[in-house]
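Chemist: Supplied in structure tokens, the structure appears directly below.
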Amino acid sequence: APEVYELTICPGYALATTACADTGSGRCQLKYEGGAVTGPNDASEDDCKKRIALAKVDFSVVPGLVRQAPALLSAPGGEVQMVQLSAGVFCKSHGWIVQVKDGGMVQFKLNGKVDKVTKY
């Protein structure tokens with residue numbers, strides 16, 4: 001998928017939500033696991049129409065986000081459950097979300113700068 005609405009990276013697999021003409025919603029989810037891609041599975045449509053070209057995403061910031069997030073949430077030993085490249089508020093931009101088990105989530109701008117910290 002050259003463009004996605006959302007990309008979720010979890011331990012062991014990744015999910016890409018992209019445009020698909022063959023589904024009722026016009027969107028589908030592809031799953032990458034163990035070196036293979038499966039899908040497409042129908043994905044729900046939201047209000048966001050903005051897609052991002054994966055070739056333009058700097059994935060080199062991801063390891064730094066994973067290292068920073070637990071400390072920013074005052075959970076230095078916290079386990080990162082998910083990293084998500086997601087559409088921002090009202091789909092004006094895309095950014096990274098890092099979720100830490102029993103800690104919360106940190107929203108980062110696409111360039112890796114901290115945007116918002118939510119503890120829970």
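Chemist: Heavy atoms only, probe 1.4 Å: what % of the accessible area of the stretch 1-99 goes to carbon and sulfur, would you let me know? Please list the in-between numbers first.
Modeler: Values: 3020 of 5660 Å².
That share works out to 53 percent.
Chemist: Using the basic label-point model (7 angstrom from Cα toward the beta carbon), what is the Gln68 to Glu3 distance in nanometres?
Modeler: 2.8
Chemist: Okay, moving on. Per-residue accessible area for Tyr13 at 1.4 Å probe radius, Å² rounded to 10?
Modeler: 80
Chemist: Which value in deg cm²/dmol, rounded to the nearest 500, describes the helix-derived mean residue ellipticity at 222 nm for the chain, given -39,500 (n - 2.57) per DSSP H run of n ≥ 4 and division by the residue count? Mind showing how you got there, number by number?
Modeler: Values: 1 runs with 11 residues, N = 120.
Computed ellipticity for the chain at 222 nm equals -3000 deg cm²/dmol.
Chemist: What is the diffusion coefficient of the stretch 1-43 in µm²/s, taking the Kirkwood radius over Cα pairs and the Stokes-Einstein relation at 4 °C with a viscosity of 1.567 mPa s?
Modeler: Numbers: Rh = 10.3 Å.
The diffusion coefficient I find is 125 µm²/s.
Chemist: Let me ask something else. Roughly speaking, what is the centre-to-centre gap between the stretch 3-52 and the stretch 72-103 when only Cα atoms are used, to the nearest Å?
Modeler: 18
Chemist: Among all cysteines in the chain, which have no other cysteine Cβ under 4.7 Å from their own Cβ?
Modeler: Cys10
Chemist: Between (i) 2, 12, 23, 26, 20, 11, 4, 1, 0; (ii) 2, 11, 21, 22, 20, 14, 8, 2, 0; (iii) 2, 10, 18, 20, 18, 13, 9, 6, 3, 1, 0, 0, which entry matches P(r) over Cα pairs in 5 Å bins from 0, in percent as derived from the coordinates of this structure?
Modeler: Computed from these coordinates, P(r) over Cα pairs in 5 Å bins from 0, in percent corresponds to label (ii).
Chemist: Helix 62-72 versus the longest principal axis of the chain: what angle, 0 to 90°, nearest 10, using Cα atoms?
Modeler: Helix 62-72 sits roughly 40 degrees off the main axis of the chain.
Chemist: Using a cut-off of under 11 Å, list every residue of the stretch 41-56 whose amide N is near the label point 7 Å from the Cα of Asp22 along the Cα-to-beta-carbon line.
Modeler: The answer is 41-42.
The values are calculated or read from the model by the stated rules, or taken from the named source; none is laboratory data. From a predicted model like this one, the values you see are computed outputs, not experimental measurements. With ideal geometry, Cβ positions are generated from the backbone for all residues, glycine too; neighbour counts draw on all protein chains shown. All accessible areas refer to the heavy atoms of the entire protein, side chains included, with ligands and DNA or RNA removed. Shrake-Rupley method; radii C 1.70, N 1.55, O 1.52, S 1.80 Å.
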